[in-house]
Every structure is written in C-alpha cells, then in structure tokens.
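A.B. asks: Can you read through this structure? Questions will come right after.
The values are calculated or read from the model by the stated rules, or taken from the named source; none is laboratory data. All values derive from a computational prediction rather than experimental measurement. With ideal geometry, Cβ positions are generated from the backbone for all residues, glycine too; neighbour counts draw on all protein chains shown.
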Amino acid sequence: MSSGCSIVWFRRDLRVEDNPALTAGVRAGNVIAVYIWAPEEEGHYYPGRVSRWWLKQSLALLDSSLKNLGTSLVTKRSTDSVSSLLEIIKSTGATQLFFNHLYDPLSLVRDHRMKEILTSNGISVRSFNADLLYEPWEVLDDEGRPFNTFTQFWDRCLSMPYDPESPQLPPKKIISGNLSKCCSETLIFEDESEKGSNALLARAWSPGWSNADKALAAFINGPLLEYSKNRRKADSATTSFLSPHLHFGELSVRKVFHLLRIKQVLWANEGNTTGEESVNLFLKSIGLREYSRYMSFNHPYSHERPLLGHLKFFPWVIDEGYFKAWRQGRTGYPLVDAGMRELWATGWLHDRIRVVVASFFVKVLQLPWRWGMKYFWDTLLDADLESDALGWQYITGTLPDGREFDRIDNPQFEGYKFDPNGEYVRRWLPELARLPTEWIHHPWDAPEYVLQAAGIELGSNYPLPIVKMDEAKARLQEALTQMWQHEASSRAILENGIEEGLGDSSETAPIAFPQDMEMEMDENTLRTNPTTTTIRHYEDQMVPSMTTSLFRGGEEESSSEIGNFREDSRAEVPINQGGDGDGEGQTVRTGNMQPPIDITRALRITDDLPADSSNSSSSSSRERDGGVVPVWSPSTSSFSETFVGEDSSYLQRRTQSHQLINNWRRLSQTG
DNA sequence: GCCGTTTTGTC
DNA sequence: ACAAAACGG
C-alpha cells in the first residue's frame, strides 16, 4: 500500500460498525477520521436546533468509540468542505480519501466536485454505499429505467437477484495517522438560548451509534411484534424511534434489514402472522426511506419542486396567519393542534400524525407544501431532507402514486380513528382536558353547558376552527377551477406562438420563505387571503429557530436577503412575499409560462475509478469498495414524460446566484 | 356458503 | 379513486 495515510471522511455515517469507508481506510493502513461542520453548504437547510443537538451528541460518541479503537475524530469548522479536506491532506500528507455516499442534491454535487479536485491533486478517492440496501442505480425496471412508484420500487428491492450486503463488524483496532499537524476545532452546535430547551432532549433520547444499536434491539424484541396492530394509534410509544439514528447513519440500514429478516423467518416458521405482517410493514417504512434517496437521486430537485406539474397553476394561499396558527397548534382542530404542540415541545411526531397535520396544511389551509416541509426540517429531531420531501410531495399529490388532490381528510374523523379516547389530545391540549370524549375531536359542536363545565370558551382559550371543513372543500374546488383556467389560458398563449428563450425567463416568480427561500410559484396564481393579518408577533413558539442563518451572507446570497433577517425573528417565521426577491430576472408572469420542458436529468453512473476491476460490468456492480460514484449527466432517454417541468428551467433560473448550482450545472453538462 | 354492498386502507 | 376486505342478506 501507499506510504501516506488515509482520510476517512465522516458525514451522515456516524458509526464504526458496518461502515465500509472506515473499513476500507483501516485496511489501507493509517487512518485519520475527519468530520467537517460546514452547514452553510446546506443552503436553506441549515439544521434546526434539535437536529444540531443530536449531531453534537452523536459526534461525541463517535469520537469516544474511535478513541477506544486507537484514534480520534478530527473536527473542522468550515464553509467549504472541499478546501478543508485539501488542507487536512496537505498538513497530514494523506494520499487516500474514503467516504460513504449521500444522495441529497447538494452532497451529490459537492462530493463529485470534491472527487474531481482531489483526484487531480493526486489523491486516491473511493466511495461506498453505507446508507442503503441497494444503490439507486441498481434498482431498475426491465427496461433499465428507474421506477416511478414506491410499490414497484419496493417490490423490486425485495426480489432482487442478490441480497443487500451483510453488515460488517467494527474494526478491532485503528492505527491512527499522525494527528499532530492536524488539530481539531471546537464545533458549536447550540447557542445560549438553546441550551435550556436542549437539556430536556437528553431525558428522552440517547444519540450515538451504540445507543442506536440498543434501540434497534429493544424495538425488535419489543414493539415490533405489535407494530402492525398498533399502527393506527397516535401514540408514539409503539414506533421504533430509529429515524434520527438512521438519519445520521448511526445505524446501518443493512443491519436493520438483516435482523428483521431473521425475525421474519422465525415468525413465519411459527406461523405467527401478526409478527410477519408487522415485519413487512416495518420493512416498508425502511423501504420508504430507501425510496426517498432513490427519488432524490433520480429527481434531484424533489425537495424544491413538485414532481408532477399538474398543480403548477394552483393558487396556493399565502397567509402568514394560517401558517402561524398551524405552527402554534391553534387551528381549532384538536388532533391537528395536539400534533403541532407535540412537535413543538418534543421535536417528534408519530408518522400518522405527520400525515394528518401535513394534509391539513395542504388541503384545508392550502398553504404551499414547501413551507410545511421547511418547518418540519427546522423542528423535527429526525429531520431528513429526502424523507420529508417525499412525504410532503406524497401528501400534496405531486407524486405519480400520491393521493388525489381533492380528497380532504377530516381531522374530526381521523381523531376518532387514531385517538378514540382523546388521550392524545388531552395530553397535548390541556385546555381541552376536561372535555368529554364525545366532543373531544369537535368541540365546536358541543353544547354550551358542556363547554362551560369543561372550562372552555371557544374563540378565547381554544380557537374555533380556522376554516370549516365544508368551506375548505368549497374553496378547494374553487381553487381547482381557477387552476384549470390559468392552465388553459397559459396553453392558449403558448399555442399562439409567443416564444421565449427556452427556460431562462419563463419561470415563475419566486416567493421567498423564510426570508431567503425561494418558492417556485407564480405571483399571479397566488391568492392572498383577504382575512390575512400581517401583524407579526415575536413571542411565537420557542421552536428551533427557522435557521437564524447565523452564517448566511456568503457570496452566494444577495444582500437583500440577508438584510431582512433579524435576530428578533428567531422564533418567528415571517413570510416574505416575493417582492424583495433575489434580484434575478424573476418577474415573469403566467402569461409567459413555457410549456413543461421535458429534459430529464437522469443520473448516470460512471465508473471513474478504472483502477477498480470490479466495475467492468456496468452499474450493477455489487462491489462494496465502490469505484462507483454517482455523477449527473443530462440524459435524453427520458423515463418521465409524466414528470413535467422538471429540473432544467429551474436550474437555469437559479444559476446566476448559486455557486453550488453552478457547479451542478457545469457537471451536468460536461459529465 | 355465495355474491352484491359497504367499509377500509392506501407512500 | 380504487382495490381488497369485511359485511350481510
């Protein structure tokens, strides 16, 4: 082997067990384990308070595990991971770098750029699959194209001709590289105002890979059996609680799969159908996680843009008041409010309730789904870009297998389904604690004397429904009619031959949220609710800040965006109505809308490590020591006529202002 | 026990 | 909306 040492770059693979990059590094000789904290690279998705808290704990545990094995974790604060890596390489004389794949758009671009740069500097770079059962490019239909629905995808995963890799044991010992010229920097994950709230988290959660392992065992030997039966309960106690562990890669999903399979066989032999059903159901939720990466890889903008374009002209309600009421759990629908209060208080929500509150957000309030997604990102302990994007798009109905858009779930009925005795509501809405179960999910119907006896004054200490269900239905119909009209007139204009340069000026005017986040919506199609109050209150929830963007203001953001972010808005989530956008040529209206541009950027796999002999037979290489690195390239072999308006035009709209996107674009054109 | 009808669950 | 499951005459 080479004389220099290897760098193992940890990201969201914070474990020593079944970590292929670490294993490869150890096999190659001396190892320097590195973690780089560069949240600015995440753009709008600077992690929320609870997520950062978790990361902090997890890194501490990883460090102590590494110390037991013979080295320690080098931590660096950076605004540019790649240059930090280069510095570390220079100071240590490392000759190799190992890392595990990530599939979110920013990581794919950054990692590819990193690999190009390091390789041109003479460093050997190798990357691995540590996050998935199968790499996205392995799971294809009979024509070799990616699947577009979850069911098909998951069926194929479960019937692949080969099993996922078996989990690897942790290394017995790590020979440390020379750390003397490579000192760690202290990483700061919380500010003073957050410490108090964070202290509570430690009572409920134990981050870190060894705790993840325990949590997995506890779940498999406990609640798993009844998982299927309990799925309709709002109560979190029956869930696995593994998602934050999985998000940070403290737990290998292959290990989860492996252990579940063992249980499955066991229970199948015993004829335990309950158990079998539970395993299948839980496996499916693992599958959804896989699918979220799959979708992100194949449709790299799925966290920002709808996959289906059929709602392109939907007049989303831009109403700060609604949004705030939802966040605070003051919508007047007890199940929704209880969920939002739980989320606020704990950073956690049962999947069922996530669906309830999200669907209420999109269908009843008709707020744009990306706001909700961003709020989830900022508040959830297991905030995960790919999963959350998949979930919100599913709820919104912009996936090929999503639900019908005009179906509105009624929180009152869902309440009696998921929380038949009202326990969940009473726990999180103390003001309703004394209301009898008969009325607990629809207090607005309760007789006055019942309310009085329960100490409730609707509109005072508990709100009346923010929107009545029949009004919501009517409004949804009306909005759909509007949408079709917009669509028709837009099409008419196009057919009359008004030409525009492809894509460049045809996009919709972005609506910023919060402050700096662009929403791809057309101003014309936005309804501003007449009842909107624009009063802002800053005593809003002490929820993990909407990214107070402590560090925002790098070269890629325009100053107007930075300008309107204030310290005192920490707890508030004001909405910026597009007016002070990012200064790009964004003032395009519906009338100029181009037809959906059907250039699909499928991701291509290139084997750009010819040294690896295993890659001779294309992308289905099962080799774990991957020379296979995901790279984008434009592809005209579109599998997605159904996916309208994807990627390209949006890409172009943003190119001027976003360095990362620039790189992305460059890569996609030359790759 | 059978077939039309209602209910349920859906990523 | 639709298919599977449960229901019921």
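A.B. asks: Could you tell me whether the range A:261-275 includes any residue that is touching a residue at least 12 places away in the same chain (Cβ under 8 Å) and within 16 Å of DNA strand C (Cβ to nearest atom)?
C.D. replies: There is at least one residue in the range A:261-275 that is touching a residue at least 12 places away in the same chain (Cβ under 8 Å) and within 16 Å of DNA strand C (Cβ to nearest atom).
A.B. asks: Taking the range A:67-95, which residues are in a loop (DSSP other than H, G, I, E, B), touching a helix residue (DSSP H, G or I) at 6+ places or on another chain (Cβ under 7 Å) and not small (Gly, Ala, Ser)?
C.D. replies: A:79
Rundown of residues vs (1) within 16 Å of DNA strand B (Cβ to nearest atom); (2) closer than 27 Å to residue A:318 by Cβ; (3) within 21 Å of the chain's Cα centre (by Cα), yes/no style:
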| residue | (1), (2), (3) |
| --- | --- |
| A:387 | yes, yes, yes |
| A:410 | yes, yes, no |
| A:419 | yes, no, no |
| A:425 | no, no, no |
| A:433 | no, no, no |
| A:436 | no, no, no |
| A:440 | no, no, no |
| A:452 | no, no, no |
| A:474 | no, yes, no |
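A.B. asks: Just one of (1) under 25 Å from residue A:50 (Cα atoms); (2) more than 16 Å from DNA strand C (Cβ to nearest atom) trips up residue A:333, so point out which.
C.D. replies: Among (1) under 25 Å from residue A:50 (Cα atoms); (2) more than 16 Å from DNA strand C (Cβ to nearest atom), the lone unmet condition for residue A:333 is (1).
A.B. asks: When you look at residue A:295, is it farther than 22 Å from residue A:410 by Cα and either more than 16 Å from DNA strand C (Cβ to nearest atom) or buried (at least 20 other Cβ atoms within 10 Å of the Cβ) (or both), yes or no?
C.D. replies: Considered against the rule, which asks whether it is farther than 22 Å from residue A:410 by Cα and either more than 16 Å from DNA strand C (Cβ to nearest atom) or buried (at least 20 other Cβ atoms within 10 Å of the Cβ) (or both), residue A:295 comes out as yes.
A.B. asks: Kindly indicate whether any position in the range A:163-174 is in contact with a strand residue (DSSP E or B) (Cβ under 8 Å, 6 or more places away or on another chain) and among the β-branched types (Val, Ile, Thr).
C.D. replies: Looking for residues that are in contact with a strand residue (DSSP E or B) (Cβ under 8 Å, 6 or more places away or on another chain) and among the β-branched types (Val, Ile, Thr), one finds at least one in the range A:163-174, hence yes.
A.B. asks: Find the residue count for the range A:203-234, including only residues that are under 23 Å from residue A:338 (Cα atoms), touching a residue at least 12 places away in the same chain (Cβ under 8 Å) and away from DNA strand B (no atom under 16 Å from the Cβ).
C.D. replies: Matching residues across the range A:203-234 total 2.
A.B. asks: Are there any pairs with C-beta distances below 7 angstrom linking a residue in the range A:279-296 that is of a type in the set (A, V, I, L, M) to a residue that is more than 12 Å from DNA strand B (Cβ to nearest atom) and not in a helix (DSSP H, G or I), with the two at least 6 apart or on different chains, and if so which?
C.D. replies: Once the first residue is of a type in the set (A, V, I, L, M) and sits in the range A:279-296, its partners that are more than 12 Å from DNA strand B (Cβ to nearest atom) and not in a helix (DSSP H, G or I) give A:295/A:302.
A.B. asks: I would also like to ask the following. With the checklist (1) away from DNA strand B (no atom under 16 Å from the Cβ); (2) over 21 Å from the mean Cα position of the chain (by Cα); (3) surrounded by 21 or more Cβ atoms within 10 Å (Cβ to Cβ) in hand, flag the one item residue A:342 doesn't pass.
C.D. replies: (2)
A.B. asks: State whether one or more residues within the range A:376-385 are within 13 Å of DNA strand B (Cβ to nearest atom), out of contact with any strand residue (DSSP E or B) (no Cβ under 9 Å at 6 or more places or on another chain) and in contact (Cβ under 8 Å) with a residue 12 or more places away in the chain.
C.D. replies: Yes, because at least one residue in the range A:376-385 is within 13 Å of DNA strand B (Cβ to nearest atom), out of contact with any strand residue (DSSP E or B) (no Cβ under 9 Å at 6 or more places or on another chain) and in contact (Cβ under 8 Å) with a residue 12 or more places away in the chain.
A.B. asks: Identify, please: which residue in the range A:393-430 is among the aliphatic types (A, V, I, L, M) and at pLDDT 90 or above and is, among those, farthest from DNA strand C (Cβ to nearest atom)?
C.D. replies: Top of the filtered list is A:429.
A.B. asks: Follow-up question, since we're still on this one. Among the residues of the range A:389-408, count how many are within 11 Å of DNA strand B (Cβ to nearest atom) and assigned to a loop (DSSP other than H, G, I, E, B).
C.D. replies: 8
A.B. asks: Confirm whether residue A:357 is of a type outside the set (Phe, Trp, Tyr), under 26 Å from residue A:478 (Cβ atoms), crowded, with 22+ Cβ neighbours inside 10 Å and within 16 Å of DNA strand B (Cβ to nearest atom).
C.D. replies: yes
A.B. asks: Inside the range A:409-425, can you point out the residues that are outside any helix (DSSP H, G or I) and touching a Leu at 6+ places or on another chain (Cβ under 9 Å)?
C.D. replies: A:419, A:422
A.B. asks: Residue A:324 fails exactly one of the following numbered conditions: (1) within 18 Å of the chain's Cα centre (by Cα); (2) surrounded by fewer than 22 Cβ atoms within 10 Å (Cβ to Cβ). What is the number of that condition?
C.D. replies: Among (1) within 18 Å of the chain's Cα centre (by Cα); (2) surrounded by fewer than 22 Cβ atoms within 10 Å (Cβ to Cβ), residue A:324 violates only (1).
A.B. asks: Does the range A:276-286 hold any residues that are in contact with a helix residue (DSSP H, G or I) (Cβ under 7 Å, 6 or more places away or on another chain) and either within 16 Å of DNA strand C (Cβ to nearest atom) or at pLDDT below 90 (or both), and which are they?
C.D. replies: A:276, A:278, A:281, A:284
A.B. asks: Name the pairs: first residue in the range A:337-365 and among the charged types (D, E, K, R), second residue in a helix (DSSP H, G or I) and within 16 Å of DNA strand B (Cβ to nearest atom), Cβ to Cβ under 8 Å, at least 6 apart or on different chains?
C.D. replies: A:342/A:353; A:351/A:285; A:352/A:231; A:352/A:232; A:352/A:418; A:354/A:339; A:354/A:376; A:354/A:391
A.B. asks: Further, regarding this structure: Within the range A:244-256, which residues are touching a residue at least 40 places away in the same chain (Cβ under 8 Å), buried (at least 20 other Cβ atoms within 10 Å of the Cβ) and either in a helix (DSSP H, G or I) or touching a helix residue (DSSP H, G or I) at 6+ places or on another chain (Cβ under 7 Å) (or both)?
C.D. replies: Correct list: A:244, A:246, A:247, A:248, A:250, A:251, A:253, A:254, A:256.
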